[in-house]
Every structure is written in C-alpha cells, then in structure tokens.
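Colleague: Quick one: the structure is below, and I'll ask about it shortly.
The values are calculated or read from the model by the stated rules, or taken from the named source; none is laboratory data. A quick note: this is a predicted structure, and the numbers were derived from the prediction, not measured. Reconstructed Cβ throughout: ideal geometry from the backbone, glycine too, with neighbour counts over all protein chains shown.
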Amino acid sequence: MFGATFGIVAQGLELFRKSADIRNRNILNANNPDYAQEDPVIKSFAPVGIRLEDIIRSQNFYYMSLRNQKLSTVSALDTTIKGNSQVENLFQEFTQGLGGSEYINRFFTAYQNLMKEPTNEGARSELLNSAQGLIFYLKDRKKDMERYLNSTDYDMRQYINKINTLTKKIASINQEILTGYAQTYARGKDYKNLLDERDSYLRELSELINIQVQEDDIGRVRVETSQGFVLVEDRYSWELKYDAGNRRVLWKSKDGSEVDISNLIIGGRLRGLLEFQQDLQDYINQLEGTAKRLISQVKVPLNAQATTNWFWFKNVSDPNAPLGFSGSITFNFPGGPVVLNYSSTDSLNDVVNAINANLGGSFSASLIQNPDGTYTMRITANNPSYTIEDSNNLIYRSEPLFIGTGIGDMALNPNINNYMQNLDYEKVDEFMDFSRGWWEDVKVIYNGLVDSVASRQRDLRTRYDIENALLNSLNARLQEMQGVSVDNEFIELMKLQRSYEALARTINAMDEMLQATLNMV
Amino acid sequence: MKVPDNLLFSLFQEQDARIRKQLAEKSLEISTGRKYQSISDDPSATYKVLELKKDISQLSQYSKNRLFADTTLSYVDFNLGKITDTLNLLYAKTIQAKNQVLQSDQLMSIGELFSASLRSLLDRVNDQLGGNYIFGGASLTQKPFDENTLDYKASTEGFKVWLSDNLKVDALLNGAETFGLNVAISRASFSSPATNFNTSGALNISVGNTLINVNYTTTQTLNDLVEVINTNHSSLLQAKVSQNPDGTYSLMLMPVDISKDISVSDTSGGDFDVGTVDFYSPNVLQAVKRVGEKLSSALYPDDADLMLLQRAFDRVSFRRSQVGSVLSQVKNLQPLQENLSDNLNKQKSDLEDADLSQSIMDYTRYRLAYEALMRIIADQRDMSILRYLR
C-alpha cells in the first residue's frame, strides 16, 4: 500500500542529498575565481514525486568574454611594462654618477677642458678616459638591451608552448563536454564542472593572446584569435609557432602552411612581448644614433706632424643638395696659392669634383659617408706642409676621435695617443666652439632616448592603471554574478537539511502506520 | 544583491596592494630624499633635469675656463707691470744720460744696466705658466723671443678661451702684438743727417687706415725730410733722426696715436728703397737693445731714443691696460657664473628633491588608510554566519 510512497520519499531524499552536494561544491569553490555558482532546479513531477530538472550555472558568458578581452589588454600592458621596467632601470639618470647623460657631459667637459689647456697631460688623459668610459657605457647598455631582447625569445617560446597546450586542452574539454552532456542528460546535466575547467583555460589563454569565443548550446567553444585565425574548433586545435630569427608569430594551418599573424595579435602577453621587442629595437636604434653621431662629429685639431687629412666641418644629409652658402677655399702649396670658389648652388659633391679637377696633383678630395648617414668631405694633402683655408672656417686639419660604424665596433682612434701629442693649439678654441654644437646634438639624441623610455613607460603605466581598474570592475561584476556567498549557501543548506529531516520523518510515520495495520491482522 | 565572499577578499586584496604600493613609494621618497626614483615617474621632470645637468656641466666648464683666464691674465698683468717698471727705469736712466755730461765709461756703465735689464726683460717675456709661454700666443710651447735676435718666433694669434656662449678672450697673449712697437726705422742709414740724399724718391706711409706719400729729393737732407714730415703730417706722425749704434743715422717714424700701426715702404728706387723691407719695426726688447748698444758704444742717447723708450713704455702700458680691462671682465663674470650656477642647481634641486614634510604627511595619511583597511577586514571577517553555527 505504501510502495509508491516509499519510492517517492527515497527519490526525494536522494535529490536532497544531491542538492546538498551541489551546495557543498559551491562552498568548496567559494574562493575559486573561475567557479560559477550552481543551483539545483528541483521540479514537482506529480503524481510520482520530484526530480532534478537541471543544474543552473550562474554565469554570464558575455561578461566573461568582456572580462577575458580586458584581461588580454591588461596582460599585454603588464608584460610590456615589466620589460620596459628592466630597460628603465638601465637609465639611472637621477642617481649621481650613473646616468648616461653624465658620461656624455663628462666626455664633453673633458674635451672642452683639453681645448682650454691642450698641453695639460692630465686634461689629455681625462679626455681619453672619459671617451673610453662613454664607449663602455654605450656598449654595456646595448649589450643589456640585446640580452633583454634575447630573453624575450625564450619567453615567447614559453608563451606559445603554453598557448598550444591550452588550445589542446580546450579542444579535449569540448570532447568531454559532449560526452558528459550525453551521459548526464537525464540526471540534471551535471557536467558543469567541465565548464569551470573550460573557463579557467579560456582565462589563461586570454592572458596570453587575445581571443574571441563562441559557445554552443551545450558549452563547447570555438576559439579564434584576431581576423578569424582559429585556435580551437570542436575537438580540433591549431598551433602557433615562433620564428625567433625574424621575431614573428606564425599560425600553422592544417595544410602545413604558416601565416605571420604578429601584427594581428592585439592582446595578451604575446602582444606585450612583441611590443616590448619593438620598443627595445627603437631604444637600441636611438642608442646607436648617439654613438653614430659621436663617431661622425667629434674630431681633434691636429698639426702637420699628425695628419695630412683635412675635413669639412659641416656634415650634409644630401651630398648633391645645394650648400646654400658661398665661399672660397685657399690651397697653399709650392705651386699656389690656388683659390677655389664655391657658390650657394654648388653641392658638396661639386666641391669635391672641383678640387680633384683643379688641384689633383697636390690635393685629393673624397666624399665620406658618416655612420649617422650624413656626408662630409675629406681632403688629403700630398705633403704635410700644404695647408688649406676656408673663408667660412669649415675646413680643418683633423682626425676623428672615435672610429667605427656603430656601438658594436666603436673605439677610440688607434692613433689617438699620437694625436694628443700633436694637437693644433691655434685651432683649439675653434674646436671648443664646435664641441658645443656636438654636445648639444648628442644630448638631444640621448635625451630623446631617455625621454622615449620614460614617456613610454609612463604611458604604459597610465594605460595599465585605467585598463586594470576596468578589469577589476568587470571581475567584480562577474564575481557578483557567478561568485559564491558562503552565508547564502549555508542558509540553503539549512533549508535542505530541514526538508530532508521532514521527509525522513515521514518514513517513521509510514512505518508506524504500516505496523499498526499489520497489528490489526 | 549577492555579495560573494571572494569578491570581498578580492576588493581587500586590491586596496591592500594599492595602499602598500603608495606606502612603499613614500618610504623610498623619504629615505632617499628624492622625489623621483625612476625616469618614468615624471618624464617631463626627467627631461628638464637632463637639460639642467648639461647646462650645469657647461657652466662648470666655463667657470674652469674663466679661472684659467683669470690666473693667466693676472700673471700676464703682473709681468707687464714688472716690464713697465723696468722700462720706466731705463727711460729715466736715458734722460739722465742725455742731459748730463758723462764720461764714456759712465755711458758704458749705463749700457751695462741696459744689458742686464734686457736679460731680465727676456726672462719676463719668455716666462711660462703651467708649461705654456704666457706671451707665446697660441703656440703655447714655442719660446716666443729668440735670445740672440730678440725676434718673435711664436704664433701671431693669441690663445683664446671661451668664458660663455658668446665671449672668448685671449688668455695667453701674442708677444708680437704685445711687445711690438708702432715705430718704423729706416734700414737705409746716412753718415750725417745734414748730407743731401743721393737719389730722389717717395715714401709710402700708412698710419692706421690713412695712406700718405712723402717725396724727397736730392736737394734735401735727412734733417729736411724730418722737418717736412713733422710740419705737414704732425697730426698723424712724428719723425726723428735716430743715430744708430754704429754712429750712422736713420729715419724714425712713429704715429701720434699709440694704438695705430705704421708701415713704411719705398718702391721709388730712392735712397730709402734698400730691398724688400725698407723700414723695420723693433719690438720692445730690440728697442732696449738698440739704446743699450749705443750707450755701450759710449754714444749719447738722442731724442729718438727717448721717444723710442717712451713709446715702448706707452705701448706696454697700453697693452697692460687692455689686459686689465679683459681681466676685469673675467673677474666680473665670476659672480654672474656663480649666481647662474646657484640658480641652475636650485632648479635641479626643486625638480629632484623630495619635499620631506609633504612626503611625511602623505606617508602618515597612507598609513592611516592602511590601518583603517585592516580594521575593516578584521570586522568583516567576524560578520559571517559561521560565527553563529555550532
């Protein structure tokens, strides 16, 4: 007589236990940021009792996608900031004696000091020491930055391996979701723990690369990065590859071809590293610019014992462009003097050609391309006693203090010790005048570099602060939607406990009723 | 509204990290005394500090240059003072010799004084400071005056140093200019100033930018020519008959204006046209030597000698006044440069250095905020159903 009732009660007790399990699971995951609160949906199934209709997962996929997109942006900024912080630490411009500007200032004050007292041995050695110090500084900073650049290759590989692992896992979860759905369809579709795992992987993936995710009815996802390059679809995943030689990220299609997607990646740590690599390359180029300008400009005035080379002291960017001013060059030699006039429409190349055409036997002129891309003229006298005067004071017997094509091979001129003993004392005041222009030029380039590092880092930090605040806000919203309140869960548990106790008591009552009925027999 | 536990903890963590970061920044600011720890803290301030560092370095170099110029010019001034003292003494001795009746040995004795003074003058003009000859101009290491010929051998350019962006001064003087005399003495000499010239000719005289031509004829003597010049060109020139140490006579010309240069040539083929250089300009040393040699030869000094020594004294005094003027300019720069240096350093300090009272106030504020947050967390922890479940 109570067969059906016992069945209903037993089913109810089992459902309450199941519901309590779900509540326990919620409490267990209260501090898990990827966990979405679950609520059992128990429906009356009259006349046969109740059943677990569904387990609702309190999740808003749209907000989660928004959060993940923001996470990509913040992660990219975070990575670039961390990299740039390393670079920033190289430029200790506020610490006395450590900043590059101090090396530059020390070098040029030493140069000017020597031009003030060219016979002073102390001033000579100070110039050589400060020049060597400046070379070491530039080389060390470049090496530091190249080391950072090389370390990004390692990080890139790590991140890409991680991305490939995650996409494989997500593809595998897609498969498991399908199986879980099929297995638990009739028992409340209790495979949602797989979705938490999926969300966790999606969050991790978003941290590494910007993704767009589409979810189907049962929770499987299709993941793609920018411009539709698919990373996961159904149970399949696509791999990324890092080309360290060119510092590019490649997407590997199933037919074996590879597509460069470096410029398409707009978020995640990959984007951050790519940007940092670009920043580093810019900084290295600017540091190179400082060295190249020093090599191209700084010269020392020499007497006839030291050299027969005379240099034009107004570097031009285009050797075929008109000079824009006129003047005359006087060549003093036994067959001379010969005066060569140049007009404002003549180019430096024209002057070179005119010298070679008119003074070929005594002087030879050549166009020299400086490491900084500018051009100058070098006139070599066939005899040390020959001299040259320019009406604009632009030609001097001199040699460069630095040699090389950039930081890599930058060095002091190997003849510098001889040059120091053979300075042209009559020209030092004019070279002191030139040095002010060189100093200003080099300062502008170096300060530009420091400003680039500082402004870039400042900009990144400001953007990070804003984006991170937005991320925190989205996280908070997401937490409000899917997070677990322990207090709420305990209240729900107490309700379940009460219901369970009440239902359990009906078994005793029915048992007593059955006993009474049996006693009547 | 549901408030998940994790959200509360996340919020606390976030705020805790923010306040701790602010506390750490202020602690660093107070401990280092620097407002900025890294260049990105304020890129604009970083840029200004770098500019100021360069300006301060450049100014410091200008100050070193000024000190160098001050030291060398002071020494130059001292030497020029000693030289004028010597020339003054020699001038007095020459007047004495000219106006008194002296025995030849007395004249020769004064000639000895000239000779000793010349050696002293030579030491002065060939003096060095810091390894550089102070009257060698831009040659620096080339001894300026030859000990035998007394000719100037070093650079004809002064050694210049920059004291500011726009000002450069001669710190080491060009001896040729410093001790050169604007006096022209003919190389042609005559046995008597009253003898007629053998061949007529014309003198081309340039005084400063003024050119004059003076003709002479065979009916004139050296005395006549001197009179003609003194009569017709007295505003520009003074002419004298100067007896040479060998007893012959030459024509001596000298601008009235001490600062004007003089050059004389004769290309007419007349008596004064003796070669490529018809007239020479002795320097101070050669002037002293010329008079000294005359005295040593027991010859009385004449008006030309007095005029020559007077001009030597005047020229050196004139140069000394020029040096004094530059030196005064150099010394005036000192307070200007020091003031500018103070200003630049103050600007740099204002940018770089932390305002400690403000930093400590901020630090206290952040610490209070941190304590308040901790209190809230502690209170919040107690607000849980778990407290009531037994």
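Colleague: In region A:478-521, what residues are among the aliphatic types (A, V, I, L, M) and free of Cβ contacts under 8 Å to residues at least 60 places away in the same chain?
Modeller: Taking region A:478-521 first, the residues among the aliphatic types (A, V, I, L, M) are A:478, A:481, A:484, A:486, A:491, A:493-494, A:496, A:502-504, A:507, A:509-510, A:513-514, A:516, A:518, A:520-521.
Scanning region A:478-521 gives A:Ile491, A:Met494, A:Ala502, A:Ala509, A:Ala516, A:Leu518, A:Met520, A:Val521.
Colleague: Also, I was wondering about something else. Go over the candidates A:Glu204, A:Glu197, A:Glu233 one by one and state the one that is charged (D, E, K, R) and touching a Leu at 6+ places or on another chain (Cβ under 9 Å).
Modeller: On the way: A:Glu197 fails: touching a Leu at 6+ places or on another chain (Cβ under 9 Å); A:Glu233 fails: touching a Leu at 6+ places or on another chain (Cβ under 9 Å).
Within the list A:Glu204, A:Glu197, A:Glu233, the selection yields A:Glu204.
Colleague: I would also like to ask the following. Could you give me the residue pairs with C-beta distances under 7 Å whose first residue belongs to region B:107-125 and is more than 14 Å from B:Lys93 (Cα to Cα), whose second residue is at pLDDT below 95 and loosely packed, with under 14 Cβ neighbours inside 10 Å wherever it lies, and which are 6+ apart or on separate chains?
Modeller: Close Cβ pairs satisfying both conditions: B:Leu122/B:Glu147.
Colleague: Check off (1) touching a strand residue (DSSP E or B) at 6+ places or on another chain (Cβ under 9 Å); (2) closer than 30 Å to A:Ala110 by Cα; (3) modelled with pLDDT under 95 for A:Ile135 and give me the number that stays unchecked.
Modeller: (3)
Colleague: Which members of region A:112-136 meet the condition of being within 14 Å of chain B (Cβ to nearest Cβ), buried (at least 21 other Cβ atoms within 10 Å of the Cβ) and of a type in the set (A, V, I, L, M)?
Modeller: Across region A:112-136, the qualifying residues are A:Leu114, A:Met115, A:Leu127, A:Leu134.
Colleague: Moving on. So, A:Asn413, is that one modelled with pLDDT under 95 and either surrounded by fewer than 18 Cβ atoms within 10 Å (Cβ to Cβ) or of a type outside the set (Val, Ile, Thr) (or both) or not? Break it down stepwise before answering.
Modeller: Numbers: modelled with pLDDT under 95: no; either surrounded by fewer than 18 Cβ atoms within 10 Å (Cβ to Cβ) or of a type outside the set (Val, Ile, Thr) (or both): yes.
Considered against the rule, which asks whether it is modelled with pLDDT under 95 and either surrounded by fewer than 18 Cβ atoms within 10 Å (Cβ to Cβ) or of a type outside the set (Val, Ile, Thr) (or both), A:Asn413 comes out as no.
Colleague: Still on this model: Answer yes or no as to whether A:Pro371 is away from every other protein chain (no Cβ under 11 Å), closer than 20 Å to A:Leu138 by Cα and either not hydrophobic (A, V, I, L, M, F, W, C) or not in a helix (DSSP H, G or I) (or both).
Modeller: Working: away from every other protein chain (no Cβ under 11 Å): yes; closer than 20 Å to A:Leu138 by Cα: yes; either not hydrophobic (A, V, I, L, M, F, W, C) or not in a helix (DSSP H, G or I) (or both): yes.
Against the criterion (away from every other protein chain (no Cβ under 11 Å), closer than 20 Å to A:Leu138 by Cα and either not hydrophobic (A, V, I, L, M, F, W, C) or not in a helix (DSSP H, G or I) (or both)), A:Pro371 qualifies.
Colleague: Among the residues of region A:97-109, how many are crowded, with 22+ Cβ neighbours inside 10 Å and more than 9 Å from chain B (Cβ to nearest Cβ)?
Modeller: 2
Colleague: Also, I was wondering about something else. Mind checking whether some residue in region B:325-342 is small (Gly, Ala, Ser) and farther than 25 Å from A:Phe94 by Cβ? If you could, list the steps in order and put the result at the bottom.
Modeller: Step one: list which residues in region B:325-342 are small (Gly, Ala, Ser), which gives B:325, B:328, B:341.
Right, trim to farther than 25 Å from A:Phe94 by Cβ and you get B:325, B:328.
Yes, the conditions are met somewhere in region B:325-342.
Colleague: Within region A:449-489, restricting attention to residues that are facing chain B (nearest Cβ under 7 Å) and small (Gly, Ala, Ser), which residue is farthest from the chain's Cα centre (by Cα)?
Modeller: Ranking the qualifying residues of region A:449-489, first place goes to A:Ser485.
Colleague: To continue, here is another question. Among B:Ser325, B:Ser317, B:Ser349, which is more than 14 Å from chain A (Cβ to nearest Cβ) and surrounded by fewer than 14 Cβ atoms within 10 Å (Cβ to Cβ)? Lay out the reasoning, then the answer.
Modeller: Working: B:Ser317 fails: surrounded by fewer than 14 Cβ atoms within 10 Å (Cβ to Cβ); B:Ser349 fails: more than 14 Å from chain A (Cβ to nearest Cβ).
Checking each option against the conditions leaves just B:Ser325.
Colleague: Return yes or no: is B:Ala154 within 14 Å of chain A (Cβ to nearest Cβ), out of contact with any His (no Cβ under 7 Å at 6 or more places or on another chain), among the hydrophobic types (A, V, I, L, M, F, W, C) and part of a loop (DSSP other than H, G, I, E, B)? Steps first, answer last, please.
Modeller: On the way: within 14 Å of chain A (Cβ to nearest Cβ): yes; out of contact with any His (no Cβ under 7 Å at 6 or more places or on another chain): yes; among the hydrophobic types (A, V, I, L, M, F, W, C): yes; part of a loop (DSSP other than H, G, I, E, B): yes.
Considered against the rule, which asks whether it is within 14 Å of chain A (Cβ to nearest Cβ), out of contact with any His (no Cβ under 7 Å at 6 or more places or on another chain), among the hydrophobic types (A, V, I, L, M, F, W, C) and part of a loop (DSSP other than H, G, I, E, B), B:Ala154 comes out as yes.
Colleague: Taking the condition under 30 Å from B:Ser139 (Cα atoms) and in contact with a strand residue (DSSP E or B) (Cβ under 9 Å, 6 or more places away or on another chain), does A:Pro337 pass? Spell out how you get there, then give the answer.
Modeller: On the way: under 30 Å from B:Ser139 (Cα atoms): yes; in contact with a strand residue (DSSP E or B) (Cβ under 9 Å, 6 or more places away or on another chain): yes.
Yes: the conditions hold for A:Pro337.
Colleague: Which of the residues belonging to region A:78-103 are of a type in the set (Val, Ile, Thr) and touching a helix residue (DSSP H, G or I) at 6+ places or on another chain (Cβ under 7 Å)? It would help to see each step written out before you state the result.
Modeller: Step one: of region A:78-103, the residues of a type in the set (Val, Ile, Thr) are A:79-81, A:87, A:95.
Correct list: A:Thr79, A:Thr80, A:Ile81, A:Val87.
Colleague: Quick check on region A:33-52. Is at least one of its residues loosely packed, with under 15 Cβ neighbours inside 10 Å, among the basic types (Lys, Arg) and part of a strand (DSSP E or B)?
Modeller: Yes, the conditions are met somewhere in region A:33-52.
Colleague: Could I ask something else about it? For region A:402-445, enumerate the residues that are part of a loop (DSSP other than H, G, I, E, B) and either within 14 Å of chain B (Cβ to nearest Cβ) or of a type in the set (D, E, K, R) (or both). Don't jump to the end; show me each part of the working.
Modeller: Of all residues in region A:402-445, those part of a loop (DSSP other than H, G, I, E, B) come to A:404-410, A:413-415, A:422, A:424.
If the condition is that a residue be part of a loop (DSSP other than H, G, I, E, B) and either within 14 Å of chain B (Cβ to nearest Cβ) or of a type in the set (D, E, K, R) (or both), then A:Asp409, A:Asn422, A:Asp424 are the ones that fit.
Colleague: Pick out, from region A:303-360, the strands (runs of 3 or more DSSP E) lying fully within it that include 2 or more residues that are out of contact with any Cys (no Cβ under 6 Å at 6 or more places or on another chain) and surrounded by fewer than 17 Cβ atoms within 10 Å (Cβ to Cβ).
Modeller: Working: elements: A:309-312, A:327-332, A:338-342.
Because the criterion is at least 2 residues that are out of contact with any Cys (no Cβ under 6 Å at 6 or more places or on another chain) and surrounded by fewer than 17 Cβ atoms within 10 Å (Cβ to Cβ), the strands (runs of 3 or more DSSP E) in region A:303-360 that meet it are A:327-332, A:338-342.
Colleague: For B:Glu147, indicate whether it is closer than 28 Å to A:Phe434 by Cα and among the acidic types (Asp, Glu). Lay out the reasoning, then the answer.
Modeller: Working: closer than 28 Å to A:Phe434 by Cα: no; among the acidic types (Asp, Glu): yes.
It is false that B:Glu147 is closer than 28 Å to A:Phe434 by Cα and among the acidic types (Asp, Glu).
Colleague: Return the residues of region B:38-53 that are over 41 Å from the mean Cα position of the chain (by Cα) and more than 7 Å from every other protein chain (Cβ to nearest Cβ); say none if nothing qualifies.
Modeller: B:Asp41, B:Asp42
Colleague: Still on this model: Would region A:74-89 turn up any residue that is more than 30 Å from A:Glu224 (Cα to Cα) and buried (at least 19 other Cβ atoms within 10 Å of the Cβ)? Talk me through it step by step, then tell me what you get.
Modeller: First, pick out the residues of region A:74-89 that are more than 30 Å from A:Glu224 (Cα to Cα): A:85-89.
Next, from what is left, pick out any that are buried (at least 19 other Cβ atoms within 10 Å of the Cβ): A:87-88.
Yes.
Colleague: For B:Tyr300, indicate whether it is in contact (Cβ under 8 Å) with a residue 60 or more places away in the chain, within 30 Å of B:Ser250 (Cβ to Cβ) and surrounded by fewer than 21 Cβ atoms within 10 Å (Cβ to Cβ). If you could, list the steps in order and put the result at the bottom.
Modeller: Numbers: in contact (Cβ under 8 Å) with a residue 60 or more places away in the chain: yes; within 30 Å of B:Ser250 (Cβ to Cβ): yes; surrounded by fewer than 21 Cβ atoms within 10 Å (Cβ to Cβ): yes.
For B:Tyr300, the condition - in contact (Cβ under 8 Å) with a residue 60 or more places away in the chain, within 30 Å of B:Ser250 (Cβ to Cβ) and surrounded by fewer than 21 Cβ atoms within 10 Å (Cβ to Cβ) - is met.
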